[in-house]
Structures are given as C-alpha cells and as structure tokens.
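Asker: The structure is given below, and queries will be raised subsequently.
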Amino acid sequence: MTTPAQDAPLVFPSVAFRPLRLLAVCVGFAGLVTLAAALLGYPMVGVFFGIGLGLGLLNAILVQRSVESITAADHPLKRKMAVNSATRLLAMTVIGLTIAFVFRPQGLGVVFGMALFQVLLVISTALPVMKKLRAGAGDGLEGEAGEQ
C-alpha cells in the first residue's frame, strides 16, 4: 500500500540562500528606489518599497528556519510544511495589504517591494546553482563518464 502524498516524508533540496548578501542587495535597491521616488516627489513610496523588501527577506529567513526545524524531525511530513507555509504567507500578505490600504496610495510600494523581493530571491538562489551545474558539466556529470 502506498503512503498518501500529505503523509509522505519531506525531501527538501539544499538551496544556496545567503541572507546577508540578499540584505545588502535589498538595502541597495531600497536606497535607489527611495532616491528615484523622492526625485519624483513621492519619497514615502520608496520607504514603503524598502519595507516590502524587508518583509520578503523576513519571510525567506522564516522559511529557512522552518525547513531546518521540520526536516530535523525523525519523520518530516509534507503536511506540516504546507500548513506552516500557508500560515506564514497569509500573515505576510495580510501585513503587506494592510500597510498598502492604510497608507494608500504610497503604501502600495510595500506590495511592489514584496514582489521584487521574490524575483531577487529566485535570481540569488538560481545563479549559484547554475554555476555549480556548469562546473559539474565540465568535470563530467554522474553517469556520463565512460558510457560511450
């Protein structure tokens, strides 16, 4: 008999996540956007954009911690990870949308900051993985050597 998907053991690949490097990139972006928004007469859009980047970074750090704690268990379950992720995403969404609503229209910068953070996160984790794969291709990947 097979195990239902929600009760199957959780397998999570290692990810190249560097929060300090990402923090530096976020601070740089927040500064540039705040400067550009101030030049256009809306400095608070830039400030809220930086808050959105900060919320995104906080979410990423919380993801890393929850993955470490859940996968450290003897039998990590996908259901536990799914509930944790859904709860965290709901909380971050409510916080971001509340700020956007209360401080509208400049508060919408939070939403744009959170969205851009996701792009930055994907790029910052994908590039090291691609470099590693390319370096591995030069050395001969597993299963390629001697099969000709």
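Just so it is clear, none of the values below were taken in a lab; they were calculated from the coordinates. None of these values were measured; they are calculated from a predicted model.
Asker: So if each residue of separation counts as 0.36 nm, and I subtract the Cα-Cα distance between Ile123 and Thr98, what length gain in nm does that give?
Answerer: Between Ile123 and Thr98, full extension yields an extra 6.2 nm.
Asker: If amide hydrogens are placed 1.01 Å from N in the peptide plane, which non-local residues have theirs closer than 5 Å to the one on Leu77?
Answerer: Amide H neighbours of Leu77: Leu10.
Asker: Additional query: From the backbone phi of the range 30-36, what are the Karplus-calculated ³J(HN,Hα) couplings (6.51 cos²θ - 1.76 cosθ + 1.60, θ = phi - 60°) in whole Hz, Gly and Pro given as x?
Answerer: 4, x, 5, 5, 5, 5, 4
Asker: Assuming 1.306 mPa s and 10 °C, estimate D for the range 23-86 with Stokes-Einstein, Rh taken as the Kirkwood radius over Cα pairs, in µm²/s.
Answerer: Result for D is 116 µm²/s.
Asker: Once phi is turned into θ = phi - 60°, what whole-Hz ³J(HN,Hα) does the Karplus curve with 6.51, -1.76 and 1.60 give for every residue of the range 78-86, x standing for Gly and Pro?
Answerer: With the stated coefficients, the range 78-86 comes to 5, 4, 5, 5, 5, 5, 4, 5, 4 Hz.
Asker: Also, I was wondering about something else. Is the range 77-142 best put as rounded, prolate or oblate by its Cα gyration tensor, with a ≥ b ≥ c the root eigenvalues, rounded for a/c under 1.5, and otherwise prolate when a/b is larger than b/c, oblate when not?
Answerer: Oblate, since a/c reaches 1.5 and b/c is not below a/b.
Asker: Dividing the convex hull volume of the Cα atoms of the range 19-148 by its residue count, what figure in Å³ per residue is obtained?
Answerer: Per-residue hull volume (Cα only) is 147 Å³.
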